[in-house]
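Encoded as structure tokens, the structure appears first; notes follow it.
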Amino acid sequence: GTGHHETTFLILKYLMDYVNPGSSVLDLGSGSGILSIAAHIYGAKDIIAVESDIDCKNNFFENLQINNINKSDITLLIEDVLSYENFNYDIILANINKNIIKRLIPRLKNIKATILLSGILAEDQIEVQSLLNTNSMKLIHKDQYNEWLLMVVQND
């Protein structure tokens, strides 16, 4: 991950609008760690990156080193994002495929975090928006880059 894919770019574009110094960030499906690293650079302090693919681990730590970030500044957990249970964060990032997002949404209702969802194709917007509405979650901002969407969501 370099940050050049449309879904990553969309989150990077808006992340600085939501991260404040000292913010806590949960990065679900963190992959190479690019979004966690950006959150750290923007001043987030409590950053948890959750990734199910063990093959991402070396690349994640290599990216920390390239960016002069200590391993202790961002916690990487190798586990299924759907088994993660603590959503007590200021910001939750989910740059992950639509099917996982659809399974995450009901688990993210009634939390206080601002949620940035990406990995959603424009053609799937109505389906995801309907699921957000069903779970009383409010779409506060949407952006599109090529065929990919970013949805910024908060609970009502």
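The values are calculated or read from the model by the stated rules, or taken from the named source; none is laboratory data. This structure is a prediction, so every number in the text was calculated from the model and none was measured. Backbone-built Cβ (ideal geometry, glycine too); neighbour counts: all protein chains shown. Keep in mind that these areas ignore ligands, DNA and RNA; they rest on the heavy atoms of the full protein, side chains included. Shrake-Rupley method; radii C 1.70, N 1.55, O 1.52, S 1.80 Å.
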Conditions (1) over 16 Å from the mean Cα position of the chain (by Cα); (2) assigned to a loop (DSSP other than H, G, I, E, B); (3) without any contact (Cβ under 8 Å) to a residue 40 or more places away in the chain; number of the one not met by Asn110: (3)
Filter pass, Leu116 being in contact with a helix residue (DSSP H, G or I) (Cβ under 8 Å, 6 or more places away or on another chain) and either more than 24 Å from Asp53 (Cβ to Cβ) or of a type in the set (Lys, Arg) (or both): no
Test set (1) modelled with pLDDT under 95; (2) in a helix (DSSP H, G or I); (3) of a type in the set (Val, Ile, Thr) - Ile100 fails condition number: (1)
Residue match in segment 114-132 (condition: open to solvent by 70 Å² or more (accessible area, probe 1.4 Å), hydrophobic (A, V, I, L, M, F, W, C) and either in a strand (DSSP E or B) or at pLDDT 95 or above (or both)): yes
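A quick yes/no check of all residues on (1) of a type in the set (Gly, Ala, Ser); (2) touching a residue at least 40 places away in the same chain (Cβ under 8 Å); (3) open to solvent by 50 Å² or more (accessible area, probe 1.4 Å):
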site	(1), (2), (3)
Leu35	no, yes, no
His40	no, no, no
Gly43	yes, no, no
Asp55	no, no, yes
Ile91	no, yes, no
Residue within segment 139-153 that is open to solvent by 70 Å² or more (accessible area, probe 1.4 Å), over 18 Å from Asn95 (Cβ atoms) and not aromatic (Phe, Trp, Tyr) present: no
Selection within segment 65-81 - touching a Phe, Trp or Tyr at 6+ places or on another chain (Cβ under 9 Å) and assigned to a helix (DSSP H, G or I): Lys71
Odd one out for Glu85, checked against (1) open to solvent by 50 Å² or more (accessible area, probe 1.4 Å); (2) touching a residue at least 24 places away in the same chain (Cβ under 8 Å); (3) more than 12 Å from the chain's Cα centre (by Cα); (4) under 30 Å from Asp156 (Cα atoms): (2)
Which listed residue, of Ile11, Ile37, is under 22 Å from Gln144 (Cβ atoms), in a helix (DSSP H, G or I) and either of a type in the set (Asp, Glu) or at pLDDT 95 or above (or both): Ile11
